[in-house]
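Chemist: Dumping the structure here so I can ask a few things about it.
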Amino acid sequence: MKPPIVRKVARVGAGLVKSLGDLGVATVHEAQARPGLLRPYMRQVCPTAKAAGSAIPGSCHPGDNLMIHAAIEFCREGDILVVSTSSESTDGMFGELLAESARAHGVAGLVIDAGVRDVRDLTEMQFPVWSKAISAQGTVKATAGSVNVPIVCAGATVRPGDIIVADADGVVVVRRDTAAEVARLAAERFAKEQKSRERLKSGELGLDFYGLRAKLSELGVRYVDELD
(Lines give C-alpha, C1' and ligand atoms only; values in the text may rest on other atoms or scores of the structure.)
Protein backbone atom coordinates (compact mmCIF):
# COMPACT_ATOMS: atom_id res chain seq x y z
CA MET A 1 0.00 0.00 0.00
CA LYS A 2 1.35 3.38 -1.01
CA PRO A 3 1.61 5.92 1.84
CA PRO A 4 -1.22 8.48 1.55
CA ILE A 5 -1.42 12.25 1.77
CA VAL A 6 -5.00 13.19 2.62
CA ARG A 7 -5.93 16.63 1.30
CA LYS A 8 -9.15 17.35 3.21
CA VAL A 9 -9.30 17.86 6.97
CA ALA A 10 -12.39 18.69 9.04
CA ARG A 11 -11.65 21.37 11.63
CA VAL A 12 -13.57 22.96 14.50
CA GLY A 13 -14.11 26.71 14.67
CA ALA A 14 -11.33 29.10 15.65
CA GLY A 15 -13.31 30.33 18.67
CA LEU A 16 -13.46 26.85 20.17
CA VAL A 17 -9.73 26.35 19.60
CA LYS A 18 -8.99 29.66 21.32
CA SER A 19 -11.18 28.76 24.29
CA LEU A 20 -9.31 25.50 24.84
CA GLY A 21 -5.95 27.22 24.41
CA ASP A 22 -6.83 29.92 26.94
CA LEU A 23 -7.87 27.30 29.50
CA GLY A 24 -4.50 25.54 29.21
CA VAL A 25 -3.14 22.01 29.16
CA ALA A 26 -3.66 21.06 32.81
CA THR A 27 -7.29 22.21 33.00
CA VAL A 28 -8.22 20.68 29.63
CA HIS A 29 -6.55 17.38 30.49
CA GLU A 30 -8.43 17.12 33.79
CA ALA A 31 -11.72 18.18 32.19
CA GLN A 32 -11.61 15.34 29.68
CA ALA A 33 -10.91 12.75 32.41
CA ARG A 34 -7.17 12.67 31.72
CA PRO A 35 -6.61 11.07 28.31
CA GLY A 36 -4.59 12.59 25.47
CA LEU A 37 -1.54 13.86 27.34
CA LEU A 38 1.72 13.47 25.46
CA ARG A 39 4.64 12.03 27.39
CA PRO A 40 6.42 14.49 29.68
CA TYR A 41 9.67 14.44 27.71
CA MET A 42 7.93 16.68 25.16
CA ARG A 43 9.14 20.12 26.22
CA GLN A 44 9.00 23.68 24.97
CA VAL A 45 11.93 24.94 22.97
CA CYS A 46 10.96 28.54 23.80
CA PRO A 47 10.23 28.96 27.54
CA THR A 48 7.13 31.15 27.19
CA ALA A 49 5.57 29.36 24.21
CA LYS A 50 1.91 28.39 24.12
CA ALA A 51 -0.24 27.34 21.20
CA ALA A 52 -3.54 25.75 20.27
CA GLY A 53 -4.76 24.63 16.88
CA SER A 54 -6.10 21.89 14.67
CA ALA A 55 -3.70 19.01 14.15
CA ILE A 56 -2.08 18.27 10.82
CA PRO A 57 -0.36 14.95 11.58
CA GLY A 58 2.57 13.60 9.62
CA SER A 59 4.52 10.37 9.87
CA CYS A 60 8.19 10.48 8.90
CA HIS A 61 11.07 8.07 8.57
CA PRO A 62 13.68 8.66 11.31
CA GLY A 63 16.18 11.28 10.26
CA ASP A 64 14.10 12.21 7.21
CA ASN A 65 11.95 15.35 7.11
CA LEU A 66 10.47 14.94 3.62
CA MET A 67 6.92 14.58 4.93
CA ILE A 68 7.14 17.73 7.04
CA HIS A 69 7.67 19.64 3.80
CA ALA A 70 4.73 17.75 2.29
CA ALA A 71 2.46 18.48 5.27
CA ILE A 72 2.99 22.25 5.17
CA GLU A 73 1.14 22.42 1.83
CA PHE A 74 -2.08 21.38 3.55
CA CYS A 75 -1.89 23.68 6.57
CA ARG A 76 -4.29 26.54 7.12
CA GLU A 77 -4.03 29.53 9.43
CA GLY A 78 -3.79 28.37 13.03
CA ASP A 79 -3.00 24.70 12.38
CA ILE A 80 -0.37 22.81 14.37
CA LEU A 81 1.97 20.33 12.73
CA VAL A 82 2.23 17.10 14.72
CA VAL A 83 5.07 14.82 13.65
CA SER A 84 5.97 11.28 14.65
CA THR A 85 8.58 8.91 13.27
CA SER A 86 8.22 5.26 12.34
CA SER A 87 10.88 4.39 14.91
CA GLU A 88 12.65 6.37 17.61
CA SER A 89 14.61 9.42 16.48
CA THR A 90 16.30 12.41 18.08
CA ASP A 91 17.71 13.87 14.86
CA GLY A 92 17.17 17.58 14.25
CA MET A 93 14.32 17.28 11.76
CA PHE A 94 13.02 20.86 11.97
CA GLY A 95 14.87 24.16 12.10
CA GLU A 96 14.71 27.83 11.22
CA LEU A 97 14.18 27.43 7.46
CA LEU A 98 11.27 25.03 7.89
CA ALA A 99 9.85 27.33 10.56
CA GLU A 100 9.89 30.22 8.08
CA SER A 101 8.04 28.07 5.55
CA ALA A 102 5.54 26.86 8.14
CA ARG A 103 4.83 30.36 9.41
CA ALA A 104 4.28 31.63 5.86
CA HIS A 105 1.48 29.06 5.56
CA GLY A 106 -0.18 29.98 8.84
CA VAL A 107 1.19 27.21 11.04
CA ALA A 108 0.77 28.13 14.72
CA GLY A 109 3.30 25.67 16.11
CA LEU A 110 5.03 22.30 15.92
CA VAL A 111 4.82 19.19 18.10
CA ILE A 112 7.45 16.62 17.10
CA ASP A 113 8.43 13.35 18.74
CA ALA A 114 12.02 13.77 17.53
CA GLY A 115 14.64 16.51 17.56
CA VAL A 116 14.79 20.12 16.40
CA ARG A 117 17.71 22.40 15.64
CA ASP A 118 18.43 26.15 15.27
CA VAL A 119 17.01 26.78 18.72
CA ARG A 120 18.34 30.32 18.96
CA ASP A 121 16.63 31.22 15.67
CA LEU A 122 13.38 29.53 16.67
CA THR A 123 13.43 31.45 19.95
CA GLU A 124 14.08 34.77 18.21
CA MET A 125 11.25 34.01 15.78
CA GLN A 126 9.01 33.06 18.72
CA PHE A 127 7.87 30.02 16.76
CA PRO A 128 6.25 27.62 19.26
CA VAL A 129 7.85 24.16 19.27
CA TRP A 130 7.51 21.14 21.57
CA SER A 131 10.03 18.38 20.92
CA LYS A 132 11.67 15.31 22.41
CA ALA A 133 15.23 16.53 21.81
CA ILE A 134 17.45 19.32 20.55
CA SER A 135 20.05 18.12 18.08
CA ALA A 136 22.19 19.57 15.30
CA GLN A 137 22.18 16.15 13.62
CA GLY A 138 21.12 16.75 10.03
CA THR A 139 18.43 14.89 8.08
CA VAL A 140 17.66 13.78 4.53
CA LYS A 141 14.60 13.98 2.29
CA ALA A 142 14.39 10.52 0.81
CA THR A 143 11.68 8.32 2.32
CA ALA A 144 7.91 8.45 1.89
CA GLY A 145 5.56 8.74 4.84
CA SER A 146 2.00 9.93 5.34
CA VAL A 147 0.12 13.17 5.99
CA ASN A 148 -3.30 13.60 7.59
CA VAL A 149 -3.72 10.02 8.76
CA PRO A 150 -3.91 9.09 12.47
CA ILE A 151 -0.54 8.80 14.20
CA VAL A 152 0.76 8.09 17.68
CA CYS A 153 2.92 10.96 18.92
CA ALA A 154 4.70 10.60 22.27
CA GLY A 155 2.17 7.99 23.38
CA ALA A 156 -1.02 9.83 22.34
CA THR A 157 -3.20 9.20 19.31
CA VAL A 158 -3.58 12.26 17.08
CA ARG A 159 -6.14 12.37 14.29
CA PRO A 160 -6.41 15.02 11.58
CA GLY A 161 -8.39 17.98 12.92
CA ASP A 162 -8.03 17.04 16.58
CA ILE A 163 -7.25 20.00 18.82
CA ILE A 164 -3.73 20.39 20.17
CA VAL A 165 -3.24 22.49 23.29
CA ALA A 166 0.37 23.11 24.29
CA ASP A 167 2.02 25.26 26.94
CA ALA A 168 4.54 25.05 29.79
CA ASP A 169 2.71 22.03 31.24
CA GLY A 170 3.17 19.95 28.07
CA VAL A 171 0.88 18.95 25.22
CA VAL A 172 -2.63 17.49 25.25
CA VAL A 173 -4.84 16.23 22.43
CA VAL A 174 -8.60 16.81 22.38
CA ARG A 175 -10.64 14.75 19.95
CA ARG A 176 -12.40 16.94 17.41
CA ASP A 177 -15.77 15.32 18.05
CA THR A 178 -15.59 16.00 21.81
CA ALA A 179 -13.96 19.45 21.69
CA ALA A 180 -17.10 21.48 22.43
CA GLU A 181 -18.01 19.36 25.45
CA VAL A 182 -14.44 19.38 26.76
CA ALA A 183 -14.32 23.17 26.43
CA ARG A 184 -17.55 23.45 28.45
CA LEU A 185 -16.29 21.15 31.18
CA ALA A 186 -12.90 22.87 31.27
CA ALA A 187 -14.54 26.30 31.65
CA GLU A 188 -16.61 24.97 34.56
CA ARG A 189 -13.51 23.49 36.15
CA PHE A 190 -11.63 26.78 35.75
CA ALA A 191 -14.45 28.71 37.45
CA LYS A 192 -14.54 26.19 40.30
CA GLU A 193 -10.76 26.45 40.74
CA GLN A 194 -11.01 30.22 40.96
CA LYS A 195 -13.29 29.88 43.98
CA SER A 196 -11.03 27.23 45.51
CA ARG A 197 -8.01 29.45 45.01
CA GLU A 198 -9.58 32.26 47.01
CA ARG A 199 -10.40 29.96 49.91
CA LEU A 200 -6.89 28.49 49.98
CA LYS A 201 -5.32 31.95 49.71
CA SER A 202 -7.34 33.00 52.76
CA GLY A 203 -5.58 30.29 54.79
CA GLU A 204 -8.17 27.52 54.78
CA LEU A 205 -6.37 24.17 54.98
CA GLY A 206 -6.68 21.74 52.14
CA LEU A 207 -7.37 19.07 54.75
CA ASP A 208 -10.61 20.84 55.64
CA PHE A 209 -11.47 22.25 52.23
CA TYR A 210 -11.22 18.88 50.51
CA GLY A 211 -12.64 16.90 53.45
CA LEU A 212 -9.42 14.94 53.88
CA ARG A 213 -9.52 14.57 57.67
CA ALA A 214 -12.05 11.76 57.26
CA LYS A 215 -9.72 10.09 54.75
CA LEU A 216 -6.82 10.23 57.21
CA SER A 217 -9.02 8.65 59.87
CA GLU A 218 -10.19 5.97 57.44
CA LEU A 219 -6.55 5.15 56.68
CA GLY A 220 -5.74 4.78 60.35
CA VAL A 221 -3.64 7.90 60.78
CA ARG A 222 -3.51 9.06 64.41
CA TYR A 223 -2.58 12.43 65.87
CA VAL A 224 -0.20 12.34 68.86
CA ASP A 225 1.65 15.05 70.77
CA GLU A 226 4.82 12.97 70.75
CA LEU A 227 5.93 9.47 69.88
CA ASP A 228 5.81 6.84 72.63
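Chemist: Quick one: compute the contact order of the chain, relative version, from alpha carbon pairs under 8 angstrom and 6+ residues apart, as a percent.
Modeler: Values: 486 pairs, mean separation 64.7, N = 228.
After rounding, I find 28 percent.
Chemist: Could you do me a favour and compute the accessible area per residue for the stretch 102-228, 1.4 Å probe, result in Å²?
Modeler: Roughly 58 Å² per residue, with all protein chains present.
Chemist: Continuing with this model, one more query. When the helix-only estimate is applied to the chain (DSSP H runs of n ≥ 4, each -39,500 (n - 2.57), divided by the residue count), what is the mean residue ellipticity at 222 nm, nearest 500 deg cm²/dmol?
Modeler: Numbers: 8 runs with 74 residues, N = 228.
Taking each H run of at least 4 residues, the total per residue is -9500 deg cm²/dmol.
Chemist: Determine, from the Cβ-Cβ distance of Val6 and Val140 and an R0 of 25 Å, the FRET efficiency 1/(1 + (r/R0)^6), rounded to the nearest 0.05. Kindly include the intermediate steps, with their values, before the conclusion.
Modeler: Numbers: r = 24 Å, r/R0 = 0.96.
The value I calculate is 0.55.
Chemist: What accessible area, in Å² to the nearest ten, does a 1.4 Å probe give for Lys215?
Modeler: It works out to around 90 Å².
Chemist: Tell me the relative contact order for the stretch 31-95 as a rounded percent, counting alpha carbon contacts under 8 Å between residues six or more apart. Don't jump to the answer; show the numbers that get you there.
Modeler: Details: 64 pairs, mean separation 22.7, N = 65.
35 percent.
Chemist: For the stretch 1-143, with the dipole built from +1 on Lys and Arg beta-carbon atoms and -1 on Asp and Glu ones, taken about the Cα centre, which of Gly63, Ile80, Met93 lies farthest toward the positive end?
Modeler: Ile80
Chemist: OK, next. Would you mind classifying the stretch 176-228 by shape? Square roots of the alpha carbon gyration tensor eigenvalues, ordered a ≥ b ≥ c; an a/c under 1.5 is rounded, otherwise it is prolate if a/b is larger than b/c and oblate if not.
Modeler: Details: a/c = 5.63, a/b = 2.29, b/c = 2.46.
Oblate, because a/c is 1.5 or more while a/b does not exceed b/c.
Chemist: Going by the alpha-carbon gyration tensor, a ≥ b ≥ c the square roots of its eigenvalues, is the chain rounded (a/c under 1.5) or, if a/c is not under 1.5, prolate (a/b greater than b/c) versus oblate? Before the final figure, lay out the partial values.
Modeler: On the way: a/c = 2.35, a/b = 1.96, b/c = 1.20.
Verdict is prolate for the chain.
Chemist: Suppose every Lys and Arg Cβ carries +1 and every Asp and Glu Cβ carries -1, with no other charges. What dipole size does the chain come out with about its Cα centre, to the nearest 20 debye? Intermediate values should be presented prior to the final figure.
Modeler: Details: 28 positive and 28 negative charges, 145 e Å.
Roughly 700 debye for the chain.
Chemist: Right, another one. With every protein chain kept in the model, how would you rank Tyr210, Tyr41 by accessible area, 1.4 Å probe, largest at the top?
Modeler: Tyr210, Tyr41
Chemist: For Lys18, which lysines qualify as cross-link partners when the Cα separation must be under 24 Å and same-chain residues fewer than eight apart are set aside?
Modeler: Cross-link targets: Lys8, Lys50, Lys192, Lys195.
Chemist: Rounded to a whole number, what % of the accessible area of the stretch 131-228 do carbon and sulfur atoms account for, probe 1.4 Å? Before the final figure, lay out each step's value.
Modeler: On the way: 3300 of 6190 Å².
In the stretch 131-228, the share of accessible area belonging to carbon and sulfur is 53 percent.
Chemist: Related question: Please build a GNM for the chain, connecting alpha carbons under 10 Å apart, and tell me which residue among Pro128, Pro150, Pro47 fluctuates the most.
Modeler: So, out of Pro128, Pro150, Pro47, the one fluctuating most is Pro47.
Chemist: Follow-up question, since we're still on this one. Would you please classify the overall shape of the stretch 102-151 from the alpha carbon gyration tensor, given that a ≥ b ≥ c denote the square roots of the eigenvalues, rounded means a/c under 1.5, and beyond that prolate means a/b larger than b/c while oblate covers the rest?
Modeler: On the way: a/c = 1.76, a/b = 1.24, b/c = 1.42.
Oblate is the answer for the stretch 102-151, as a/c is 1.5 or above yet b/c matches or exceeds a/b.
Chemist: Place a label point 7 angstrom from the Cα of Arg76 along the Cα-to-Cβ direction, then list the residues of the stretch 163-198 whose backbone nitrogen is under 13 Å away.
Modeler: Answer for the stretch 163-198: none.
The values are calculated or read from the model by the stated rules, or taken from the named source; none is laboratory data. Values in this document were obtained by computation on a predicted structure and should not be read as measured data. Ideal geometry is used to build each Cβ from the backbone, glycine not excepted, and the neighbour counts take in all protein chains shown. Ligands, DNA and RNA are excluded from the accessible area calculation, which covers all protein heavy atoms including side chains. Shrake-Rupley method; radii C 1.70, N 1.55, O 1.52, S 1.80 Å.
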